[in-house]
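The values are calculated or read from the model by the stated rules, or taken from the named source; none is laboratory data. All values derive from a computational prediction rather than experimental measurement. Cβ placement follows ideal geometry from the backbone for every residue including glycine, while neighbour counts extend to all protein chains displayed.
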Amino acid sequence: MNSAESGDPVMLYPGEYLLRLPRQTRAVLQTCLYGLGAGMATVAFQLGINWVYQLGLGTLSHRSMGVFMVGSFVGIVSSSLAVGWLLNSFCGEAAGSGIPQLKLAFWKDFGSVPWRVAWVKFVAGILSIGGGASLGREGPSVQLAGAVGSNLAGLLGEAKQNRRAAAAAGAAAGLAAAFNTPLAATTFVLEEIIGDLNSRFLGGVLLASVLGALVVHGVIGKQPSFSLHGVDAPSWTGYALTPVVAALAALVGIGFQRAALGLRRRLKARGSSRSWLLPVGGALITWVLGATVYWRTGRLGVFSLGYDDLSSALAGDLGWQLAAVLLLTKFVATFSCYGFGGCGGIFSPTLFFGGMMGVLVAGLLNIEWTISRADTVALAVVGMSACLGAVVGAPVTGILIVFEMTHEFALVPALMIGALVSQTLRRRMNRHNFYEALLDQDGHRIEHVRPPRDLTSWQRLPVSALANFHAVIVENMERDVLRSLLRSHPYQRFPVTRAGRLAGILTRGEADKALTEGREPRLEPAVTCSRNQTIQDLQQLLIDSTTQFLVVMDEEGKRVLGVVTLHDLLRSQAAAAEQYSDA
């Protein structure tokens, strides 16, 4: 006899209570929980970074120069060692800003993010940024908050294939809490994570973003990130200089993207059994530059976020010579920290680059012509927005985030002009934005299908609708080539060709085992299809395949065109099911 039959009270889990509510009511309540939970995690993350920074560099800056030099060196190196150990021992996905990883989880894993991502990002981010690494807290806040939202959904009973709304809501709340910018957080998640400003997730993202901002208002305060006192609209001189500053700031952002990802690519290609030591490389470069600047100027802007010096620049308390020094040293320190695999984001550094560029241009021109303080501030703010927009590739977010951080409506027209210039240069000079380029570098291509409205039409779609036509094909199975292949690509299965003909399928597990045992890997039999076969045909072929992996061949069956996995099919069918349920 069960408890219900015996009259004993039945204990319900929180998720079971929610399941008894109407669907719309349940969705709103869940989104509120995601927003509040993600907002609180982000605020705790921010307070932790500030506490570690003040305990270390903040305290050392009030001591003698010798004590500062020794203490800052020990602090940044030890924190980087701890970060490298955490990332390599527990969760490599927590490296970098985390936004590309969250975007990948949103599209490829239905928004399901492992719990280890949240706690490793929280601890490693605090140690890295608070310890002095020249990186930002906003990107990590997005990944941390998205992971919190995803795991809260799991606690409330949501299946792994139904956590996209939770991850998106958490990410929006996290960015809103990190920057105190709810509107920009909404547009960023829609522009960058979801890729659709008209997404059905808009309502949940907006609600969670507001709740994230309310959390930071209640705990830290509702003040803007940067206070600009007595700012007027730019003069005609300021508007004339706006495209110049925007172009220069955008070029700095484009250069930063290429430098950071280029360094990361070279280090990744070399590989290392001691990859946990890599973040120390960025830390040492940052310490040399940051300590030198502090010794000569008393400024700490090269370390950590650099917001104090950026605030000084916006207040007119920073000369153009110092702005140039801080721009150059911060640029090198940041791409080094990111390229060497540190844990932190790029929002704060790119805002710093752009702001310093605006002050630098205004200062240089002020030598021959009079540039008013209002124009100097406007150019600094335009530079911030343009540099961020050039790297992130989200122009609406670039405008809104700086507007909300300053609360100065008079600057909006100049920000819009700057965004146009910035995006024009970005599209001409960089094929992808920073996050897309990073995913591409790691071998990930996010291609989601927009399925038709009925199941019959869906099953009649050709295989080409969901195949990956950028497959990594193995043509040489020598030991060094295999090791490089496994380091460079995250895939579990690879098509193998010999003399241009398909020979079979190599699995990652078999490759690892063969390398350990010093033998040639054994291949699994390959199941093939053509690009014009239907998805209905594909389903049966995947059942017949021992690897749940199909090789797409040309019409003659001689050349490999691409691959399709069971995961590709399931992900696309889940997207179709979501669309059918919304219709």
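Data table
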| read-out | value |
| --- | --- |
| Test set (1) within 30 Å of Thr334 (Cβ to Cβ); (2) modelled with pLDDT under 95 - Tyr53 fails condition number | (2) |
| Positions within region 295-347 being within 23 Å of Gly66 (Cα to Cα), buried (at least 23 other Cβ atoms within 10 Å of the Cβ) and among the aromatic types (Phe, Trp, Tyr), in sequence order | Phe303 |
| Verdict on Leu300 being touching a Gly at 6+ places or on another chain (Cβ under 8 Å) and farther than 23 Å from Thr59 by Cα | no |
| Qualifying position, being modelled with pLDDT under 90, among the β-branched types (Val, Ile, Thr) and not assigned by TED's automatic domain parsing to the domain that holds Glu93, among Val496, Val472 | Val472 |
| Selected residue [assigned by TED's automatic domain parsing to the domain that holds Cys387 and closer than 27 Å to Leu327 by Cα] from Ala247, Ala178, Ala184 | Ala247 |
| Neighbours by Cβ (under 6 Å, 6+ apart or cross-chain): first from region 403-431, surrounded by fewer than 20 Cβ atoms within 10 Å (Cβ to Cβ) and at pLDDT 90 or above; second assigned to a helix (DSSP H, G or I) and polar (S, T, N, Q) | Ile417/Thr242 |
| Single unsatisfied condition, Phe122 versus (1) over 18 Å from Gln30 (Cα atoms); (2) surrounded by 24 or more Cβ atoms within 10 Å (Cβ to Cβ); (3) hydrophobic (A, V, I, L, M, F, W, C) | (2) |
| Among (1) assigned to a loop (DSSP other than H, G, I, E, B); (2) surrounded by 23 or more Cβ atoms within 10 Å (Cβ to Cβ); (3) not hydrophobic (A, V, I, L, M, F, W, C) - the single one Asn198 does not satisfy | (2) |
| Candidate set from region 217-240 (those that are among the aliphatic types (A, V, I, L, M) and modelled with pLDDT under 90); member that is surrounded by the most Cβ atoms within 10 Å (Cβ to Cβ) | Leu228 |
| Residues of region 87-104 classified as without any contact (Cβ under 8 Å) to a residue 40 or more places away in the chain and either under 18 Å from the mean Cα position of the chain (by Cα) or closer than 12 Å to Gly341 by Cβ (or both), total | 3 |
| Checking Ala173 against (1) at pLDDT 90 or above; (2) assigned to a loop (DSSP other than H, G, I, E, B), the condition it does not meet | (2) |
| Filtered residue count, region 278-308, keeping only those that are in contact (Cβ under 8 Å) with a residue 40 or more places away in the chain and part of a helix (DSSP H, G or I) | 16 |
| Lone qualifier among Gly504, Gly562 - being modelled with pLDDT of 90 or more and closer than 27 Å to Asp480 by Cα | Gly504 |
| Of all residues in region 133-156 being assigned to a loop (DSSP other than H, G, I, E, B) and within 28 Å of Leu310 (Cα to Cα), the one that is nearest to the chain's Cα centre (by Cα) | Arg137 |
| Residue satisfying all of: in region 499-551; among the acidic types (Asp, Glu) and closer than 30 Å to Leu461 by Cα; surrounded by the fewest Cβ atoms within 10 Å (Cβ to Cβ) among these | Asp544 |
| Filtered residue count, region 15-66, keeping only those that are outside any helix (DSSP H, G or I) and in contact (Cβ under 8 Å) with a residue 40 or more places away in the chain | 1 |
| Pair list, Cβ under 9 Å, 6 or more apart: region 314-341 residue over 16 Å from Leu261 (Cα atoms), other residue of a type in the set (Phe, Trp, Tyr) and buried (at least 21 other Cβ atoms within 10 Å of the Cβ) | Leu314/Phe226; Ala315/Phe226; Leu326/Phe352; Leu327/Phe352; Leu327/Phe353; Lys330/Phe352; Lys330/Phe353 |
| Residue that is at pLDDT below 90 and crowded, with 24+ Cβ neighbours inside 10 Å, where the choices are Ala168, Ala178 | Ala178 |
